[in-house]
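Report on the structure given below.
Nothing in this text is a laboratory measurement; each read-out follows from the coordinates by a stated rule. Since this is a predicted model, take the numbers as computed values, not measurements. Positions of Cβ are backbone-derived with ideal geometry, glycine not excepted, and every protein chain shown enters the neighbour counts.
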Amino acid sequence: MPNSTPQHLIIGTAGHIDHGKTALVKALTGINTDRLKEEQKRGLTIDIGFAHFSDNATIIDVPGHEKFIKNMVAGVSTIDLVLFVIAADDGVMPQTREHLDILKILHIRRGIVIINKIDLVEADWLALVQEDIENLRQGTFLEKAPIFPVSATTGSGIAELKNALPRLLQELPPRHDRGIFWLPVDRSFSMKGFGTVVTGSILSGELSVGDEIEILPAGKKSRIRGIQKHNSETQQVTSGDRAAINLHGIARDKIARGDVLAAPGLFKASKKFQGKVTLLKSSPDLKSNTRVRIHCGTAEIMGRIRPLKGQKVSAGTTDFVQITLEKSLAARRLDLFVIRQYSPMLTLGGGVILDMQPAPLKRKTLDETLQRLHALEKEDPAELIQEQFLRSAAGLATHQEIIAKTGLAGKIVSDQITLLEKQNILWRISKKSLTHALRYQHFQQRIEQLLADFHQQNPVQIGISKAELVQKLDKHYAAPFLQFCFDKMIAENRLAESGGFLRLKNFTVQLSNEQKTLKEEIAGMLEQSAFAPPSVAEFAAKFNHDVTAVAGLLNLLAVEGNAIRISGELYFHQQAVATARARLIHYLQKNGQITVAEFKK
């Protein structure tokens, strides 16, 4: 179905070295994408280049030489349509096949086959090349792609290709927009008077001048000073656009290809991820801990692969793996990656990221890990969303955090959260945050067990302070989640709160006759000491009793209203506080003000 609304699309080139990709782009746009002096001198594309094709399309030209495959992957990782170029005089060559493998790994779904340099061959030779191409593309996404014989040098066939491209672009399916801003950086440079500028293709979300962004993996924040699109100033860019972004307060050497500009606070880079890998049939088997090159987005990072089900991933097979990287990678669930051999540099396969923040891998929990990855692989939005709420260390999550973690589009997440709320599976904690009902149930059981243990070990203490109870819990819980759970347990009559202490609702202190006597003696001394009461330790020494027991009885006096707790070690009799308050009011009525020293006196 053709697009109903215009969107900006990215066209990319692919093919063997010297098959005329750059010349083809120049014939289509008038732009020479070889911007480097070395490229122009040698006539060899080294890095990716860019050319404006139309108001809603940009062409990315990639190098064909095997030494620059990492640049090729960086270029094609963001494209919607590929111009797959094969020279008529050479035919199918090694990088022709490798580029096609990479395109398949990166799930490129649409393309055009360009037979270039037709002016250099006779008709019978061209027929042989076409036959090789048919064999090459059989069973691939290019199997039914249109073929255009052209000569970028003479211009033969260029007009037909140029006229056909807008129609082919219009037939492309809409780009999947996850709704949260994400731009892999492919170039960074400094401009006099402007500072640091980066370029890239926006894969999701939108960006406006003045917005705050986060640079990953470093985690540094910056604001957008300016944006250019097609060499013209603009206030906003959106998914699919090629953009040049002027960053505020970021030095040129602090950002480079492989970094990502992202919506702030939602994503975390990692040196480890779990996902699903497929090796090419031409690949060697990959044994556990093999060192490989990982290409993801515009980044290339060395890493080691570990199969989760055995000691190796066999050629031509698919398996779950964990990849440990030598430096941090910024990526999202469902992002694709390419695996290349360390040396010699050959493409081995690739896969999809399922978990960018995996739990430590342990043999005893391996089955659980595999089940979780199977669940993350599924496209059931309700399951994926619930999984993220259940795994959230903070106990809660926001709408945008769920989008960032699942890779689902914003509207899908909104609709599913609304449905799960109606089903009483998700509970709203605040305007932005929600928690899963099971998280509360687990928390409730944990609190009840902790308090039961506390009451058993401290029978004379009326309860435990909220701060002390929280210290016994997972430190990652967010304060709003904790407060929500405590309030709900009190409302459900599971907990009671008295004098700042929490206890199980059905718990009451049962004192022995000896403890009752000690309590009365402590209360009497507290009243007699007025404004200079003993500390808990001094009380314990005076009455030759355990400090914990004495502290429990003082807490009980506080809950009953006979004492007022000032700190963990200091209590005043309520009558002493009442007397001090009355004297202060009388003094202020008479004198109007008082200093601290006068109050102490």
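Summary of values
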read-out	value
Above-threshold pairs, the threshold being 29 Å between Cα atoms, out of LYS362/LYS475; LYS281/LYS364; LYS272/LYS364; LYS432/LYS466; LYS472/LYS600	LYS281/LYS364; LYS472/LYS600
Label-to-label distance, nm, for residues given as ASN506 and ARG581 (7 Å Cα→Cβ offset)	3.6
Compactness of the chain, expressed as Rg and Dmax over alpha-carbon positions, Å	33.9, 116
³J(HN,Hα), Karplus 6.51/-1.76/1.60, whole Hz, each residue of segment 110-120, x for Gly, Pro	10, x, 10, 8, 10, 9, 9, 6, 5, 6, 9
Zero-based 5 Å bins, Cα pair distances in segment 127-232, whole percents	2, 8, 12, 15, 13, 11, 11, 11, 10, 6, 2, 0
Additional length obtainable on full extension of the chain from ASP55 to LYS411, 0.36 nm per residue less Cα span	125.4 nm
Label-zone membership for segment 486-525, site LYS466, 7 angstrom Cα→C-beta point, backbone N under 18 Å	486-505
Sorted by Cβ neighbour density within 10 Å, fewest at the top, the residues TRP125, TRP427	TRP125, TRP427
Label-point gap, in nm, between ARG252 and GLN311 - each point 7 angstrom along Cα→Cβ	5.2
FRET E, pair GLU212, SER232, Förster distance 35 Å, beta-carbon r, rounded to 0.05	0.90
Degrees, to the nearest 10: 547-560 long Cα axis against longest axis of the chain	80
Eligible aspartates and glutamates near LYS590 by straight Cα distance, threshold 16 Å, same-chain separation 8 or greater	GLU598
Reachable aspartates and glutamates from LYS405, criterion Cα separation under 12 angstrom, eight or more residues apart if same chain	ASP335, ASP355, GLU387
Under 19 Å from the Cα of LYS519 - lysines, other chains or at least 8 residues apart	LYS542
Inter-site label distance for ASN32 and GLN441 at 7 Å from Cα along Cβ, in nm	6.9
Relative contact order (%) - criterion: Cα under 8 Å, at least six apart; region: the chain	8
Ranked by how many other beta carbons lie within 10 Å on average, peptides 160-171, 355-366 from highest	160-171, 355-366
Normalised convex hull volume, segment 504-601, alpha-carbon set, Å³ per residue	120
37 °C / 0.692 mPa s Stokes-Einstein diffusion coefficient of segment 182-262, Kirkwood radius on C-alpha pairs, µm²/s	270
Using a Förster distance of 25 Å, the FRET efficiency for ARG391-ARG223 (Cβ separation, nearest 0.05)	0.20
Ranked packing of 225-236, 476-487, most packed first, by mean Cβ within 10 Å	476-487, 225-236
Taking all pairs of distinct alpha-carbon atoms in segment 289-357, Kirkwood radius in angstrom	12.3
Hydrodynamic radius (Kirkwood) for segment 443-501, which is based on Cα pairs only, to one decimal in Å	11.9
Computed lengthening from VAL547 to GLU171, 0.36 nm per intervening residue step minus Cα-Cα distance	127.4 nm
Cα-based equivalent ellipsoid, segment 372-433: semi-axes from gyration tensor eigenvalues, Å	17, 13, 11
Crossing angle, helix 479-491 versus the chain [Cα axis fit, 0-90 degrees, rounded to tens]	50
FRET efficiency estimate (nearest 0.05) - Cβ-Cβ, GLU514 to LEU370, R0 56 angstrom	0.40
On Cα atoms only, tilt of 123-137 relative to the major axis of the chain in degrees	20
